[in-house]
1. Find, among the trypsin sites (Lys or Arg not before Pro) in segment 1-74, those assigned to loop by DSSP (not H, G, I, E, B) with at most 11 other beta-carbon atoms within 10 angstrom.
2. Using a probe of 1.4 angstrom, how much of the accessible area of the chain is carbon and sulfur, in percent?
3. Starting from the amide H of R132, placed 1.01 Å from N in the peptide plane, find each other amide H under 5 Å away whose residue is 5 or more places distant or on another chain.
4. Could you work out the local net charge near Q131, counting Lys and Arg as +1, Asp and Glu as -1, over the other residues with Cβ closer than 15 Å to its Cβ?
5. With only Lys, Arg, Asp and Glu charged, each at its Cβ (+1 for the first two, -1 for the last two), find how big the charge dipole of the chain is about the Cα centre; round to the nearest 20 debye.
6. In Å², what does the accessible area per residue of segment 1-47 work out to with a 1.4 Å probe?
7. Tell me, what are the semi-axes, in whole angstrom and largest first, of the equivalent ellipsoid of segment 89-135 as set by the roots of 5 times the Cα gyration tensor eigenvalues?
8. With a/c under 1.5 counting as rounded, go ahead and sort segment 33-88 into rounded, prolate or oblate using the C-alpha gyration tensor (a ≥ b ≥ c being the square roots of the eigenvalues; past the cut-off, prolate if a/b is larger than b/c, else oblate).
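The values are calculated or read from the model by the stated rules, or taken from the named source; none is laboratory data. Source: prediction; values computed, not measured. Here the Cβ positions follow ideal geometry from the backbone for every residue, glycine too, while neighbour counts run over all protein chains shown. Calculation scope for accessible area: heavy atoms of the full protein, side chains included, ligands and nucleic acids excluded. Shrake-Rupley method; radii C 1.70, N 1.55, O 1.52, S 1.80 Å.
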Amino acid sequence: MRKFDPHLILRPELAELKAYSPLTGNFEVRLDANEAPAVLSAKAKKRLSQVASEIDYSAYPDAGQKELRAAIAARMGLTPAQICVGVGSDELITLLLTVMTRTKSKVPCPTILTTTPTFVMYRLSARVRGQRVIEVPLDEQWDIDVEGMKRAVSATDPNVIFIATPNNPTGTMASHDRLIELIEATPSALIVIDEAYIDYASRNHVALLSQYENVVILRTLSKIGFAALRVGWLAGSRALVAELDKARLPYNLPTHSQKLAQVALSELSEEIDATTTLVKNERARLAQELDSLPGVRVVPSEANFLWLELEQPAESVMNALMKQKILVRSFSGRGGRLDRCLRVTIGTEENNQRFLDALRRSL
Ligand SMILES: *Cc1c(COP(=O)(O)O)cnc(C)c1O
């Protein structure tokens with residue numbers, strides 16, 4: 001057998017990374033991944049099965065994603081040429097970072113800017129591509145530190161800025177004035193506004209697309225009941241979408257994902273609304289109950305999860321919950337104030353209640 005050490009040719013940044021692997025294990029209540037509760041009706045499932053049964057398995061998917069782009073554009077009030085669909089919005093993040101790779105004069109390698117804490121895929125996807133990641137901590141209220149961000153923009157001239165709003169894991173939105181101030185101060189980077197949780201929020205940023213050509217929006221079906229399909233999209237200028245289409249794998253999105261996503265968007269919007277309404281009502285109920293617990297502060301959330309600031313270490317509470325077969329998300333490995341925070345996804349009324357009872361026993 002010939003020996004070969006792949007590290008001789010692997011990108012050195014891989015040495016610092018770990019594969020993204022959600023905790024497995026035998027949990028009765030999983031509130032760790034920000035999925036929507038599984039409340040799709042039998043009628044909706046039957047319609048999806050019927051559409052799936054008509055797929056021509058011998059044919060490649062539609063490389064132009066024509067019908068799905070049209071359904072998304074209609075939902076957002078945009079044109080199909082402004083939409084690019086990926087295998088989850090994760091794929092669009094990787095696609096942007098694959099093409100926006102100029103080395104500018106101020107720094108030795110392509111750089112991205114984001115906040116911390118935020119969605120981990122920005123950092124991971126950038127590091128996999130050998131890019132530098134600048135992270136500016138959120139302020140006391142978990143809002144963007146616009147002065148810090150502007151300083152980072154002028155010091156490092158990033159190619160791409162990622163702002164998740166509502167943000168994961170904090171559930172907070174970037175305040176509008178600060179976001180605009182950042183965009184105004186950044187004429188030479190692409191500003192990616194990640195709206196993965198927008199269906200749970202009080203406002204969105206679509207209007208910015210007609211004011212700033214360097215703004216794009218990411219959306220996904222994953223947090224509103226269709227994570228299994230892996231469908232996410234980018235909305236932006238026609239010119240940018242045309243460039244992304246050159247780098248996108250032509251058959252990236254399988255036929256069943258295209259067709260079922262189209263059904264979800266064009267026929268099941270009432271069911272999606274019912275799900276988001278259920279979650280928002282439960283979010284209000286749970287937040288109120290949690291806030292009355294000693295040693296727990298609930299950060300006001302515009303997403304389908306709550307961000308809890310605890311008086312005791314999150315690690316020990318998380319472990320106590322796990323012993324009761326309930327899984328939430330802790331970020332305590334990362335240190336600082338995150339050591340006392342937990343993220344809990346809003347689930348069904350029953351699961352939320354089980355979490356609440358278990359938490360009372362764990363504090
Ligand atoms: C979950 C999440 C996504 C990922 O969405 P997919 O479409 O499932 O890839 C993107 N951005 C944020 C902020 C998220 O929390």
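1. On the way: sites: R2, K3, K18, R30, K43, K45, K46, R47, K66, R69; in loops: R2, K3, K18.
Hits after loop and neighbour filter: R2, K3, K18.
2. 53
3. Counting only residues 5 or more places away or on other chains, the set is T111, I112.
4. Surrounding charge for Q131 is +4.
5. Magnitude of the dipole: close to 980 debye.
6. 88
7. Over the Cα atoms of segment 89-135, the ellipsoid semi-axes are 17, 13, 8 Å.
8. It comes out oblate by the Cα gyration axes.
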